[in-house]
Amino acid sequence: MKRREFLKLGAVATGTFAVLGTLRVGSRAVSAQSGAVPAVDRLVMTNVVDNVYDVFAKGGKLDTISVQRTPLERDDTLLAEHGLAYHLESLRGSDRREILLDFSLTERNLLNNYAVLKVDPSRADALILSHGHRDHYGALPALAHLAHGKLRPGLTLHAGGEDTFCHRVVVTPVGTVDGGQLDRGALEAQGLRVVLSKDPTVIAGHAFTSGQIPRLTDFERPPAAARLEAGPMGSACSVTHFGATKVEAKPGELVSDTFQGEHATAYHVKDRGLVVITSCGHAGVINSVHQAQKASGVSKVHAIVGGFHLAPAPDEIVAKTVEAFRAIDPDYIIPMHCTGFNTIVAVHHAMPKKLVMPSTGTRVIFGA
Ligand SMILES: [Fe+2]
Ligand SMILES: [Fe+2]
């Protein structure tokens, strides 16, 4: 494990980065310099696509957030699917930024919901892809193609590692399922600038990514069924990029997928704390939150959002995760996508006032 990492504070508009603080990782309590990441006054997080659309989901003002639901309309119907996509709009003084995080499974659903929710990709200041699973990148190639020439010049897509662009396979008792492969070159050919943000990185001057996430808990494990196809040595999908432990594998062989390049997205909301968005959480939702705390030097967690990938987890792992949630003590937990009914029920039982149920088209307003 690296003993010291640098927190990169990026000026995305210019593509330059300045190193302003150091970050040590390991068993010791670690913190970056306070103020190492910007604080935003307000964050409006829109769940553009999620697994469910619940017309009865409650909205309204809670203690320190507002939850807005999108009502069912005859002509402008939101579409749900096994996938995840967000629109993130933040304010810092008079500065407004928009980020698109993850791109769901199908072009049909993503573009439909962008239109219904009045999300305009041409306004995006940055794009972030959490990891290389099709239910998060599926519509990205079509979006890049359709929006070619309309997006901001030099728009950057932040991925977390080489494995984002490797061929993925899921091995099940009844056979293998092809997980697809995202073509980095095709995205770049459409004008996107693709950057591997392996270390914590400030995005568009408002958000930050976790960088690759140290696996510190003893109960969070990547899905056992997940595999990566090894590429030729020296290529982006060479086994040297698949994790800290070197794996011997020939090109074409399947190796266990540790999701080395998965990263979380977070904001420091002024007077509230961190909003941490895990997306799919294969690195572990608790590991992801701890990494966001270390990267930012901010300990207070306002909200934990995203897919926590605990749907297939045994009760013991769910219970340990909920215990860790108690220790972190966020104000809100918004469990989406692959979190699982088991975990939603456990969170509801343990901390009902913190739970906000997900639904496609939900807008959560954090901060002032
Ligand atoms: Fe995933
Ligand atoms: Fe997912």
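The values are calculated or read from the model by the stated rules, or taken from the named source; none is laboratory data. Given the structure is predicted, the values throughout are model-derived calculations rather than measurements. All Cβ positions, even for glycine, are placed from backbone atoms using ideal geometry, and neighbour counts span all protein chains on display.
Kindly check whether there is at least one residue in the range 124-142 that is farther than 22 Å from Val276 by Cβ, part of a loop (DSSP other than H, G, I, E, B) and modelled with pLDDT under 95.
So the first thing to find is which residues in the range 124-142 are farther than 22 Å from Val276 by Cβ, and the list is 134, 138-142.
Then keep just the ones that are part of a loop (DSSP other than H, G, I, E, B); that gives 138-139.
Filter again for modelled with pLDDT under 95, leaving none.
No; the residues of the range 124-142 include none that is farther than 22 Å from Val276 by Cβ, part of a loop (DSSP other than H, G, I, E, B) and modelled with pLDDT under 95.
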Within the range 276-330, of all residues that are within 16 Å of ligand 2 (Cβ to nearest atom), among the small types (Gly, Ala, Ser) and outside any loop (DSSP other than H, G, I, E, B), the one nearest to Pro38 (Cα to Cα) is Ser288
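Conditions (1) modelled with pLDDT under 55; (2) surrounded by 15 or more Cβ atoms within 10 Å (Cβ to Cβ); (3) under 24 Å from Lys270 (Cβ atoms); (4) among the β-branched types (Val, Ile, Thr), marked per residue:
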site	(1), (2), (3), (4)
Phe6	yes, yes, no, no
Ala18	yes, no, yes, no
Val37	no, yes, yes, yes
Val44	no, yes, yes, yes
Asp63	no, no, yes, no
Pro71	no, no, no, no
So Glu262 clears everything in (1) out of contact with any Leu (no Cβ under 8 Å at 6 or more places or on another chain); (2) away from ligand 2 (no atom under 16 Å from the Cβ); (3) in contact (Cβ under 8 Å) with a residue 24 or more places away in the chain except one condition, right? Which one? (2)
In this structure, is Ile333 surrounded by 22 or more Cβ atoms within 10 Å (Cβ to Cβ), away from ligand 2 (no atom under 16 Å from the Cβ) and part of a helix (DSSP H, G or I)? no
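Condition check ((1) out of contact with any Leu (no Cβ under 6 Å at 6 or more places or on another chain); (2) surrounded by 19 or more Cβ atoms within 10 Å (Cβ to Cβ)) across all residues:
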{"site": "His158", "(1), (2)": "yes, yes"}
{"site": "Val194", "(1), (2)": "no, no"}
{"site": "Asp199", "(1), (2)": "yes, yes"}
{"site": "Ile203", "(1), (2)": "yes, yes"}
{"site": "Pro232", "(1), (2)": "yes, no"}
Residues of the range 279-312 being within 15 Å of ligand 1 (Cβ to nearest atom), surrounded by 21 or more Cβ atoms within 10 Å (Cβ to Cβ) and not polar (S, T, N, Q), in sequence order, are Cys280, Gly281, His282, Ala283, Gly284, Val285, Gly306, Gly307, Phe308, His309, Leu310
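Just to be sure before I move on: is Thr176 of a type in the set (Ser, Thr, Tyr) and part of a loop (DSSP other than H, G, I, E, B) in the structure I sent? Before the answer, list the steps.
Working: of a type in the set (Ser, Thr, Tyr): yes; part of a loop (DSSP other than H, G, I, E, B): no.
It is false that Thr176 is of a type in the set (Ser, Thr, Tyr) and part of a loop (DSSP other than H, G, I, E, B).
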Scan the range 348-364 residue by residue and report those that are in contact with a Lys or Arg (Cβ under 7 Å, 6 or more places away or on another chain) and of a type in the set (Val, Ile, Thr). Thr362
Qualifying residues in the range 212-256 (those that are aliphatic (A, V, I, L, M) and out of contact with any strand residue (DSSP E or B) (no Cβ under 9 Å at 6 or more places or on another chain)) - the one modelled with the lowest pLDDT: Ala244
